[in-house]
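The values are calculated or read from the model by the stated rules, or taken from the named source; none is laboratory data. Predicted model only: the values in this text are computed from it and were never measured. Ideal geometry is used to build each Cβ from the backbone, glycine not excepted, and the neighbour counts take in all protein chains shown. SASA here: full protein model, heavy atoms, side chains in, ligands and nucleic acids out. Shrake-Rupley method; radii C 1.70, N 1.55, O 1.52, S 1.80 Å.
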Amino acid sequence: MEEAKKPDLKVVSEELVEEEAEFRAMRRDLPGVKGASAAGIVTIAVNKTPGKNEFFRTHPDFRPVVPIVDLEVGMEKQFFAVTDEMTATLAGIGITVTNHTLYLTVTPRGALRIVPVRCAGADGEQNEYNRTKEIGLRDGVEKWVRLFTDQENRCYKVFPAPADRFADPVWSELKPAKIFRLAFRDKGRLVDSTEHPLYLKWSARDTK
C-alpha cells in the first residue's frame, strides 16, 4: 500500500509567512505599518451587522483596522478590503476608501461574522449608526447582546440577553491573518490589482 504523501512543510511555512505579511500590510492599527495611525473548514461572512434579530458575542482581541470600500447590492451592503497600492488607484477614478475596524462575532449557533465599522474621520466625527453599532459590538465582548435599529433616532440600540441564557462562546483558534483571508481574499473581496472585477467595473473596463 502506497504511503500517504506528507505535506511539504517548507511550502506550508512559506504560505503562512505570506499570509501573515499580507494581513500585516493591510492593517492600519499596527506601529510601523505605512498609513497606520479551528480546525477544519470555517466559513466567515462579512456583514453590516452580526445578523438580524441575532444575539451575538464579540471576540475580545480581534480588532484590526483596514481600508475598506463598501458597495450597495440591492438591500445588501458588501465590503471589500483594499491594498495600499489600490487605495490610490481607486481614488484616481473617484472611488473613496475609508478605514474600518473589523469586529469578529459569533452567534449562539456558532455562525462567525466579521462586522466592519467605519472609523471616525480626520475631524473626529463618526456617523451615529457607526458609533452606536460600535458600542453594541464592544458590549458583546462581555455579554450576549442583540442590535436593533432605532430608525426615528437614526442609530442602533442594544438589547442584552438574560443572564445565563446562552453558554459562553467557543472561539476558533485560527490566527487573525487566516480569519482575514477566509473572509476577504478567498471570497474575492480583496481589491489588490487593476484586474479585480470591481475595479474593472468602476473603470468601465469590464466586458459586460
Kindly indicate whether Val191 is modelled with pLDDT of 95 or more, among the hydrophobic types (A, V, I, L, M, F, W, C) and at negative phi. yes
Taking the range 198-208 and keeping only residues that are open to solvent by 90 Å² or more (accessible area, probe 1.4 Å) and polar (S, T, N, Q), one is left with Thr207
So, restricting to strands (runs of 3 or more DSSP E) that lie completely within the range 50-161, which ones have at least 2 residues that are in contact with an Asp or Glu (Cβ under 6 Å, 6 or more places away or on another chain) and open to solvent by 40 Å² or more (accessible area, probe 1.4 Å)? 155-160
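Matching residues to (1) within 18 Å of the chain's Cα centre (by Cα); (2) within 12 Å of Thr49 (Cβ to Cβ):
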{"site": "Thr107", "(1), (2)": "yes, yes"}
{"site": "Pro116", "(1), (2)": "yes, yes"}
{"site": "Asn127", "(1), (2)": "no, no"}
{"site": "Val145", "(1), (2)": "no, yes"}
{"site": "Phe159", "(1), (2)": "no, no"}
Can you find a residue that is among the small types (Gly, Ala, Ser), within 30 Å of Trp144 (Cα to Cα) and at pLDDT below 95 anywhere in the range 47-55? yes
Qualifying positions in the range 164-197 - surrounded by 15 or more Cβ atoms within 10 Å (Cβ to Cβ) and of a type in the set (Ser, Thr, Tyr): Ser172
Return the only residue of Thr149, Thr194 being closer than 25 Å to Val82 by Cα and β-branched (Val, Ile, Thr). Thr194
